[in-house]
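*Asks:* Below is a structure I'd like to ask you about.
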Amino acid sequence: MRKLENNKRCKNDENRGTGKNLKSGKGSISVNKNVILLIEDEEKLSRTLAEYLELNGYRVLRALNGLEGLSMFYDHMHEVDLILLDIMLPGMDGSEILKEVRKKSNTPVIMVTARDSIHDQLLNFANGADDYITKPYALAIVKVHIEAILKRAGKQKERVEVGHIAVEPDTWRVYVDEKAIETTPKEYELLSYLIKNKNVVMTRDSILESVWGYDYSGDTRTVDTLVKQLRRKIAPYGSYIRSVYGVGYIFEGEENETAEA
């Protein structure tokens, strides 16, 4: 029974997000989503990490055991941009999966494990691992490792455009009507996060977790202050970001475009 549920869960994850050109109503987002294959047998951890990565603009394929993960890699070999691979897996351990992946592909692989011995790390690096993260870890740290590896591999998507605004993940630049504007790192992260989740209401708490990290202990009013600053900087398109009373914010783009002074 559990196997059937796990397979169904993986299929649902597999079908989230189409990646290439997401259209909604009047406006459209021109964006290529990086695809992450997450092979992790701890269900709660796998789900939490997948949801966090999806909130940050990635498409995530999940597998809960080694054999299923390798099969999913073969099925999506030309789509997957990076693999997050646990070592201690049922069916086939991560080190063996890594060897099989390297026979077919140079797709970046980040090993994720509670085993932190120098011998294990050297062995997996020798077998073609690109990076190593030990448990327990902060979700924000995993995100930083992914961004660094994708950038190094030349796989990070270069530009996201919606209406009159564009962001470039590789350079952390923001353009309004093709003119570069100055933003702080937090303003850039907020705008990028909202654009990636266009037409989805994002709560203040979810924004805090994504932009400031789970360990941030500040007030949600910090979000309101940053939104005000960002609206001023992307003028005359500040109305792209709409407040949802008592909840948070939604990036609607041209659907909510109004003339501003």
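Every number in this text was worked out from the coordinates using simple rules, so none of it is lab data. Note that this is a predicted model, so its numbers are computed, not measured. Every residue, glycine among them, receives a Cβ derived from its backbone with ideal geometry; neighbour counts consider all protein chains shown.
*Asks:* Over 21 Å between C-alpha atoms is what I'm after, so list which of Lys143/Lys233; Lys99/Lys151; Lys186/Lys228; Lys44/Lys135; Lys155/Lys196 land there.
*Replies:* Numbers: Lys143/Lys233 26 Å; Lys99/Lys151 23 Å; Lys186/Lys228 13 Å; Lys44/Lys135 14 Å; Lys155/Lys196 17 Å.
Too far apart for the 21 Å limit: Lys143/Lys233; Lys99/Lys151.
*Asks:* Taking 0.36 nm per residue of separation and subtracting the Cα-Cα distance, what length does fully extending Ile118 through Lys99 add?
*Replies:* Details: separation 19, 0.36 × 19 = 6.84 nm, distance 1.87 nm.
Result: 5.0 nm gained on full extension.
*Asks:* Ok, one more. Quick one: what are the phi-derived ³J(HN,Hα) couplings along the stretch 33-48, Karplus 6.51/-1.76/1.60 with θ = phi - 60°, whole Hz, x for glycine and proline?
*Replies:* 8, 5, 9, 10, 9, 9, 10, 8, 8, 7, 4, 4, 5, 4, 5, 4
*Asks:* Can you list residues from other chains, or at least 5 along the same chain, whose modelled amide H is less than 5 Å from the amide H of Arg173?
*Replies:* Close amide H contacts, sequence-distant or interchain: Glu168.
*Asks:* Then there is this: What residues have an amide H closer than 5 Å to that of Val109, excluding those fewer than 5 places away on the same chain, when H is modeled at 1.01 Å from N in the peptide plane?
*Replies:* The list, which skips near neighbours in sequence, is Ile83, Asp130, Asp131.
*Asks:* OK, next. Could you tell me the ratio Rg/Rh of the stretch 59-189? Both radii from Cα atoms, Rh via Kirkwood.
*Replies:* For the stretch 59-189, the value is 1.06.
*Asks:* Apply the Karplus parameterisation 6.51 cos²θ - 1.76 cosθ + 1.60, with θ equal to phi minus 60°, to every residue of the stretch 235-245 and state each ³J(HN,Hα) to the nearest whole Hz, in sequence, with x for glycine and proline.
*Replies:* Each residue's phi maps through the Karplus curve to give 4, x, 10, x, 6, 4, 9, 9, 6, 10, 3 Hz.
*Asks:* A further question follows. Can you give the FRET efficiency to the nearest 0.05 for Thr184 and Ile133, using r as the Cβ-Cβ distance and R₀ = 30 Å? Mind showing how you got there, number by number?
*Replies:* On the way: r = 28 Å, r/R0 = 0.92.
Result of the calculation: an efficiency of 0.60.
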